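Structure, as structure tokens:
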Amino acid sequence: MKENEVKDYVKKSYGEIAKNTGSCGSSCGCGCGPSSTELSLQIGYSKNELDNIPGASNMGLGCGNPTALASLKGGETVLDLGSGGGIDAFLAAKKVGKTGSIIGVDMTEEMVQKAKTTAQRYDYKNVEFRLGEIEDLPVDDNSVDVIISNCVINLSPNKEKVFREAYRVLKPSGRILVSDIVTEGILPEDVKKSMSAWAGCVAGAQEKNQYLATIRNAGFEEVNIVSESNISIDISKELKGKITSVQVEAKKISEQKLITKLF
Ligand SMILES: C[S@@+](CC[C@H](N)C(=O)[O-])C[C@H]1O[C@@H](n2cnc3c(N)ncnc32)[C@H](O)[C@@H]1O
């Protein structure tokens, strides 16, 4: 499948989700199926966290809670890859305080517009949302302390480029904490070719060890799985036990090590 075709399909799908999600946060309207709040509680957000962010930012689209594991500190600059409605950006804003700042990047115009409107309505002064692709980040070199991402990198047809870009924009010793979907073993060919399975965070998921190798190959060190859990997906019986949500941390090389390496 061509990269552009995948991206266009993913963009269209998430554009529709952004347009059709009510202020209650449920993508199918309040009252049908599990709500975004229920889904988010299941994947690790606390009730207290959800009660203290704008409801519209939570569309129940994540697969983990990256800000809970990223050890964010006051004053840090945080970049959220594929920020969607902004749930993790708004949570991060509370943790880094007024002296810190958050940049959310998303390629879907409707998502960025929705997140910007929420930030404005709730007066988040240190959070900005930029339209852009995570394979070609609209962010300066060596400018970010921490990168978070929640259920996005699996959607990219070029994960090597995503992690190389993440490495470029991080300051030396900067870190990433990503929640994502990976597979245990190889997916059936028909699933890998299904556009709806791409948009559903399955078809683009890499095999777990390959995913970790992609991060290491971009230059990252100390690549570790912080936690993981198997998730059930209704697409096909063959996928039972094959889809896992992982929380992965890694670090960019320190300035000291870089100097030693160069000389
Ligand atoms: C599953 S949603 C997750 C949104 C958000 N992280 C959350 O947890 O609510 C995936 C988001 O990633 C964005 N996205 C997918 N591929 C992308 C890419 N290559 N570059 C930038 N954004 C992308 C989509 O537009 C969508 O908003």
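Which one of Q206, Q120, Q247 has the biggest mean-square fluctuation once the chain is modelled by GNM with Cα springs under 10 Å? Highest fluctuation among the options: Q120. Phi-derived couplings, Karplus 6.51 cos²θ - 1.76 cosθ + 1.60 at θ = phi - 60°, listed residue by residue for region 103-109: 10, x, 10, 8, 8, 9, 3 Hz, with x used for Gly and Pro. Between L79 and I103, V146, I147, I148, the built amide H atoms are under 5 Å apart, and every one of these is 5 or more places off in sequence or on another chain.
Karplus-based coupling profile of region 239-251, in residue order and whole Hz: 8, 4, x, 9, 10, 10, 9, 10, 10, 10, 10, 7, 10, with θ = phi - 60° in 6.51 cos²θ - 1.76 cosθ + 1.60 and x standing for Gly or Pro.
The alpha-carbon of K47 sits under 26 angstrom from the alpha-carbons of these lysines, leaving out residues fewer than 8 places away in its chain: K19, K73, K94, K95, K98, K114, K116, K125. Considering only beta bridges that DSSP places wholly inside the chain, some 45 percent are antiparallel. At full extension, K94 and K251 could sit 54.2 nm farther apart than now, given 0.36 nm per residue minus the alpha carbon distance.
For region 24-176, what's the relative contact order in percent, using C-alpha pairs closer than 8 Å and at least 6 residues apart?
Once divided by the residue count of region 24-176, the mean separation gives 21 percent.
Its relative contact order, with pairs defined as Cα atoms under 8 Å and 6+ residues apart, puts the chain at 16 percent.
For region 47-56, the Karplus equation 6.51 cos²θ - 1.76 cosθ + 1.60, evaluated at θ = phi - 60°, returns couplings of 4, 4, 4, 5, 6, 10, 10, x, x, 5 Hz by residue, with Gly and Pro reported as x.
Compactness of the chain is given as radius of gyration and Dmax, 17.5, 62 Å, from Cα positions. You can think of it this way: the chain between I186 and S46 has 47.1 nm of extra reach, that is 0.36 nm per residue less the Cα-Cα gap. The fewest-to-most ranking of L170, L50, L72 by surrounding Cβ atoms within 10 Å reads L50, L72, L170. Helices in the chain, meaning DSSP H runs of at least 4 residues, each add -39500 (n - 2.57). Divided by all residues, the mean residue ellipticity at 222 nm is -10000 deg cm²/dmol.
Each value in this text was obtained by applying a stated rule to the coordinates, not by laboratory testing. Keep in mind that this is a model prediction, so the values were computed, not measured. Virtual Cβ from ideal backbone geometry, glycine too; neighbours counted across all protein chains shown.
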